[in-house]
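Peer 1: Take this structure first; my questions come after.
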Amino acid sequence: MVRGAALANEKPMALALRGTLLTPLAEGGTQFEVDGLLLVDAEGTIRYAGPFRGAGYRGAVDDVRPNLITPGFIDVHAHFPQTRIIGCATGPLLDWLANSVFPEEARFTRRAYAKAVAAELVQRLLHAGTTTVALFSSSSPSATETCFSALAEAGLRGLVGLTWMDRNCPEVLRITTPSAVAASERLIRRWHGFDHDRLRFAVTPRFALSCSKTMLRRAGDLANAHDLPVQTHIAENDREGEATLRAHPYATSYLDVYDQAGLLGPRTILAHAIHLKKRDWDRIGESDATVAHCPDSNFFLGSGRMRLNPPRSRGVRVGLGSDVAAGRSFSMRRAMGSAYDNALAVGEPVAPSELLRLATFGGAEVLGCAATTGSLQLGKEADLLIVPLARAAANLDAALASLIFDTDNLGVLRSYVRGHRLF
Ligand SMILES: [Zn+2]
């Protein structure tokens, strides 16, 4: 931490915010300052995060008290082409895909449609206070390009993947393995590492049921050749699990389908992970893969309830996903509330400070950007929110209660990535 005397002699900062500071800490625990100060330099790097008094900062400050200054939310799992179908109650999973998702995703071969929805997506992410997001696109390369462009222009941070699928889907959504590889390689050249790694490409086989063994193998090869993140779904629904083992009879479990394809490793994000056995969790732990916990989606489709203890006890990194459009909101505040309800329902309650960690720093760990974002700490990039609370918070518990549960108004006042104001 920069000492007060040193700060007093420095030039004014690009951003000097005085407000109630709430952040998880990389080393564990949570920092709360009812009267806090956050200083950000011209490069967008945090130079101070701590109590206002004692900082010795004499430059002008933007006083946002009693609003909360907190890290930008990190949504580790959502679907760009499902933005307009939130709330379609046609589940469970396989029926919902057939009746609501596939007909909508088929529209994304039309560039104008994709562009209009991408603009809506960005507005909704900004309003929700999400500053980093991992998105599935559709199987359309041009829609994926459009999604990248929209995030680039909005200043958001994220991963985007072309969704690979060559079976068990309508013809219009099918993409062959050679086409998927070629389109992905073009997108990697154009977008992977864009703006100092603000955007990255993720290899995205939709799920084992929609991909042939050959396609999954090639996805694994591509990810390993370029050190790319991988995102997919696993063990979301019982019927899906049974169908997956029929479609991939060589595999000993759902997880083994991905394992045999070389898709399991430290850059892998597995969404849902509800119906897994102990040995699957052991293997996830060994491979250092990560998990996207999507409780609101799991409630909406009646998929089941993921427990947090199996990954936690193995040191598996876990983040929180809205999973729009099976999730009913882009708001990570709502996702935190659902994660709380889910934890109660499985009899393993979770503390509010842990929910905030899941929605911020935990997500950064899952996406491989925890050194850069996810908490408001010295030397990190300034991805943050200013959030109005229903009541001014006098202590940590009150701040968490307001942020997570008192959410009649889910919006944020402002958001920043690297110190640049987005909203
Ligand atoms: Zn999903």
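Peer 1: Residue check, residue 243 against (1) touching a residue at least 60 places away in the same chain (Cβ under 8 Å); (2) within 16 Å of the ligand (Cβ to nearest atom); (3) part of a helix (DSSP H, G or I), all met but one. Which one?
Peer 2: (2) is the only condition that residue 243 fails.
Peer 1: Can you tell me which condition residue 249 does not meet? The list is (1) part of a loop (DSSP other than H, G, I, E, B); (2) within 15 Å of the ligand (Cβ to nearest atom); (3) more than 19 Å from the chain's Cα centre (by Cα), and all the others hold.
Peer 2: For residue 249, the exception is condition (2).
Peer 1: If I go through segment 264-276 residue by residue, how many of them are within 19 Å of the chain's Cα centre (by Cα) and away from the ligand (no atom under 16 Å from the Cβ)?
Peer 2: 4
Peer 1: When you go through 365, 348 one by one, which is the residue that is surrounded by 19 or more Cβ atoms within 10 Å (Cβ to Cβ) and at negative phi?
Peer 2: Just a single option satisfies the conditions, and that option is 365.
Peer 1: When you go through 235, 219 one by one, which is the residue that is under 23 Å from the mean Cα position of the chain (by Cα) and within 16 Å of the ligand (Cβ to nearest atom)?
Peer 2: Answer to the selection: 235.
Peer 1: Still on this model: Wholly within segment 277-346, which helices (runs of 4 or more DSSP H) include no fewer than the required count, namely at least 2 residues that are under 24 Å from residue 87 (Cβ atoms) and away from the ligand (no atom under 14 Å from the Cβ)?
Peer 2: Answer list for segment 277-346: 332-345.
Peer 1: Could you please tell me which pairs satisfy a Cβ distance under 8 Å, a separation of 6+ or placement on different chains, a first residue in segment 294-307 that is outside the structural domain of residue 333 (by TED's automatic domain parsing), and a second residue that is within 12 Å of the ligand (Cβ to nearest atom)?
Peer 2: Listed pairs, sorted by first residue: none to list.
A quick yes/no check of all residues on (1) under 11 Å from residue 316 (Cβ atoms); (2) of a type in the set (S, T, N, Q); (3) in contact with a Ser or Thr (Cβ under 8 Å, 6 or more places away or on another chain):
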| site | (1), (2), (3) |
| --- | --- |
| 269 | no, no, yes |
| 274 | no, no, yes |
| 277 | no, no, yes |
| 283 | yes, no, no |
| 290 | yes, yes, yes |
| 295 | no, no, yes |
| 299 | no, no, yes |
| 304 | no, no, no |
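Peer 1: I've got another one for you. Somewhere in segment 403-415, is a residue more than 19 Å from residue 159 (Cα to Cα), out of contact with any Gly (no Cβ under 9 Å at 6 or more places or on another chain) and among the aromatic types (Phe, Trp, Tyr)?
Peer 2: no
Peer 1: Right, another one. Which of (1) more than 16 Å from the ligand (Cβ to nearest atom); (2) buried (at least 19 other Cβ atoms within 10 Å of the Cβ) is the odd one out, the single condition residue 174 does not satisfy?
Peer 2: (2)
Peer 1: Another question about this same structure. If you take the residues in segment 382-423 that are surrounded by fewer than 20 Cβ atoms within 10 Å (Cβ to Cβ) and among the acidic types (Asp, Glu), which one is modelled with the lowest pLDDT?
Peer 2: Here the residue is 408.
Peer 1: Only residues that are outside any helix (DSSP H, G or I), over 23 Å from residue 48 (Cα atoms) and under 15 Å from the mean Cα position of the chain (by Cα): list them for segment 347-391, please.
Peer 2: Within segment 347-391, 368 is the sole residue that qualifies.
Peer 1: Report every pair of residues separated by at least 6 positions or lying on different chains whose Cβ atoms are under 6 Å apart, first residue within segment 337-354 and without any contact (Cβ under 8 Å) to a residue 12 or more places away in the chain, second among the hydrophobic types (A, V, I, L, M, F, W, C).
Peer 2: Pairs found: 349/343.
Peer 1: Related question: Name the one entry in 180, 143, 134 that is on the phi < 0 side of the Ramachandran plot and either in contact with a Gly (Cβ under 7 Å, 6 or more places away or on another chain) or without any contact (Cβ under 8 Å) to a residue 40 or more places away in the chain (or both).
Peer 2: Result: 134 is the single residue among 180, 143, 134 that is on the phi < 0 side of the Ramachandran plot and either in contact with a Gly (Cβ under 7 Å, 6 or more places away or on another chain) or without any contact (Cβ under 8 Å) to a residue 40 or more places away in the chain (or both).
Peer 1: Now for a separate question. Where residues in segment 27-54 are in a loop (DSSP other than H, G, I, E, B) and of a type in the set (Asp, Glu), which of them is surrounded by the most Cβ atoms within 10 Å (Cβ to Cβ)?
Peer 2: The residue in question is 41.
Peer 1: In segment 351-364, how many are over 20 Å from residue 300 (Cβ atoms) and either in the same structural domain as residue 398 (by TED's automatic domain parsing) or not charged (D, E, K, R) (or both)?
Peer 2: Total meeting the criteria: 9.
The values are calculated or read from the model by the stated rules, or taken from the named source; none is laboratory data. Keep in mind the model is a prediction, meaning the values are calculated, not measured. With ideal geometry, Cβ positions are generated from the backbone for all residues, glycine too; neighbour counts draw on all protein chains shown.
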